[in-house]
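Please read the structure below before turning to the comments.
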Amino acid sequence: MDIHDDLISWYLVNKRDLPWRNTTNPYLIWLSEIILQQTRVDQGMAYYHRFSETYPTLNSLAKADEEEVLKLWQGLGYYSRGRNLLKAAQKVADDFNGVFPKTYTDILSLPGVGPYTAAAIASFAFRLPYAVVDGNVSRVLSRLFDESTPINSSAGKKLFQDLADKCLSTKRPDLHNQAMMELGALVCSPRNPSCNTCPLASHCLSMARETIQDRPQKIKSKKAKERQIDYIILQNDNRILMRKRTDKDIWQGLFDFPSIELGRPAKPDEIYKYVKEALSEHDSAKIKIQKAPVKTYQHVLSHQKLKARFWHFKVEEPFQENSIYLRKNKTQLGEVPVPRLIQQYLTDSSLI
DNA sequence: AATCCGGGGGT
DNA sequence: ACCCCAGGATT
């Protein structure tokens with residue numbers, strides 16, 4: 001393959017200057033790769049700086065609490081990445097004597113690290129010959145070889161990994177991998193790619209056949225399910241009752257409020273009934289029934305459309321607290337990790 | 001093999 | 001609306 005020289009030459013001239021490209025520290029490279037999973041560079045940049053400054057070393061991260069890590073991760077989404085970030089750091093500390101593993105197999109054994117991330121770390125930090133296949137690379141390959149197999153099918157994943165393996169420059173796997181991804185990000189973009197400036201144009205089968213618009217093929221995902229949530233905010237002086245989400249559901253490990261989900265908007269008397277049960281006799285007698293929620297939001301996730309309504313009650317006596325429902329004062333409200341939707345409500349209501 | 005898991009930006 | 005993003009884990 002003589003595309004290597006064209007590709008790497010192009011990369012060295014056109015590459016973006018990104019902080020994780022100026023190091024071979026496997027910890028920092030791993031950190032950047034986890035943050036950038038399904039996340040644009042622009043979106044992940046601030047988080048990378050935040051994490052690398054708060055936890056300069058792997059062992060400083062390994063000592064952190066999950067809530068602390070999730071607070072730093074707040075707003076980035078896919079929170080299992082944050083939880084696994086801590087687990088992986090602890091695993092390196094415990095099982096690898098605090099030294100980041102140096103082989104593909106050991107790197108792959110870390111939670112949150114799959115084939116892509118393992119290959120990225122192995123090649124960038126240790127120059128090991130493993131080819132990365134991410135969204136960019138599979139798109140570039142599907143066009144280069146005019147391959148119609150859907151990139152997100154099982155057969156496609158196997159096929160494009162095989163193609164990437166065959167194309168890999170074993171001389172500089174690090175530069176090759178970076179270059180393939182950068183080409184996909186800057187030139188071989190999903191729509192309206194810049195084929196006129198592409199260093200691989202003369203090798204591109206899809207361009208010759210004019211099938212660029214049809215590559216890559218992809219299996220469409222089902223559309224988001226709708227979900228109705230009625231949140232109940234109980235406020236006693238400057239304290240609010242919050243809940244840590246522990247179920248197998250969205251936002252695991254983050255905090256929100258007690259809620260009701262009936263598959264439809266809850267009626268005012270259903271909210272009223274719920275509130276009364278959470279309070280003492282004395283206080284519940286003073287609660288006035290609300291005819292409508294205080295605020296309403298729509299919050300879109302990749303797989304769920306949330307319609308959230310917030311009912312806010314001010315009560316005079318402390319409410320029931322247990323292992324699930326925790327009392328948080330104003331300072332603590334700003335310290336616990338919350339999903340975007342809840343952050344929005346707290347901000348709009350001047351609660352933090 | 002299919003589904004779940006966020007949030008933001010581009011078109 | 002729909003698509004995509006330096007994907008991985010679970011079912």
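Throughout, read-outs are computed from the coordinates displayed, never taken from laboratory work. Every value quoted in this text rests on a predicted model; they were computed, and no experiment measured them. FYI the Cβ positions are ideal-geometry reconstructions off the backbone, even for glycines, and counts take in every protein chain you see.
By the rule of a C-alpha distance below 19 Å, with chain neighbours fewer than 8 residues away ignored, the aspartates and glutamates paired with A:Lys273 are A:Asp230, A:Glu261, A:Glu281, A:Asp283, A:Glu316, A:Glu317, A:Glu321. By the count of neighbouring beta-carbon atoms within 10 Å, fewest first, A:His303, A:His203 end up ordered A:His303, A:His203. Legend: ranking of residues A:Leu306, A:Leu12 from fewest to most surrounding C-beta atoms inside 10 Å; resulting order A:Leu12, A:Leu306. For the stretch A:304-321, putting each phi into the Karplus relation 6.51 cos²θ - 1.76 cosθ + 1.60 with θ = phi - 60° gives couplings of 9, 10, 9, 10, 10, 10, 10, 10, 10, 10, 9, 10, 9, 10, x, 9, 5, 10 Hz, in residue order, rounded to whole numbers and with x for Gly and Pro. Our helix-only sum for chain A, with -39,500 (n - 2.57) per DSSP H run of n ≥ 4 divided by its residues, gives a mean residue ellipticity at 222 nm of -12500 deg cm²/dmol. The angle between the Cα long axis of helix A:41-54 and the main principal axis of chain A comes to about 70°, on a 0 to 90 degree scale.
The residues A:Glu66, A:Glu182, when put in order of fewest to most other Cβ atoms within 10 Å, stand as A:Glu66, A:Glu182. Residues whose amide H comes within less than 5 Å of that of A:Ile233, counting only those at least five positions distant or on another chain, are A:Trp311, A:His312, A:Phe313 (H built at 1.01 Å from N in the peptide plane). For the stretch A:102-150 and the stretch A:227-269, what is the separation of their C-alpha centers, rounded to whole Å? Computed from Cα coordinates, the inter-centre distance equals 39 Å. For a test of the definition: using alpha carbon positions, the gyration tensor, and the 1.5 limit on a/c, classify the stretch A:225-348 as rounded, prolate or oblate. Here the stretch A:225-348 falls in the oblate category. Between the Cα long axis of helix A:80-95 and the first principal axis of chain A there is an angle of about 70°, rounded to the nearest 10. Of the trypsin sites (Lys or Arg not before Pro) in the stretch A:26-63, the ones in a loop by DSSP (not H, G, I, E or B) with at most 11 other beta carbons within 10 Å are A:Arg40. For a straight C-alpha distance cut-off of 15 angstrom, the aspartates and glutamates reachable from A:Lys91 (same-chain residues fewer than eight places away being disregarded) are A:Asp65, A:Glu66, A:Asp106.
Quick one: work out the % antiparallel among DSSP beta bridges in chain A, nearest 5. Mind dumping the intermediate values first?
Values: 17 of 29 bridges.
Once the DSSP bridges in chain A are tallied, antiparallel ones form about 60 percent.
Backbone amide hydrogens, once placed in the peptide plane, bring A:Lys295 within less than 5 Å of A:Phe310, excluding anything fewer than 5 places away on its chain. Ranked by the mean number of other Cβ atoms within 10 Å of their residues, highest first, the peptides A:229-238, A:139-148 fall in the order A:139-148, A:229-238. With a Cα cut-off of under 19 Å and a minimum spacing of 8 residues unless on different chains, the lysine pairs in the stretch A:132-227 number 6.
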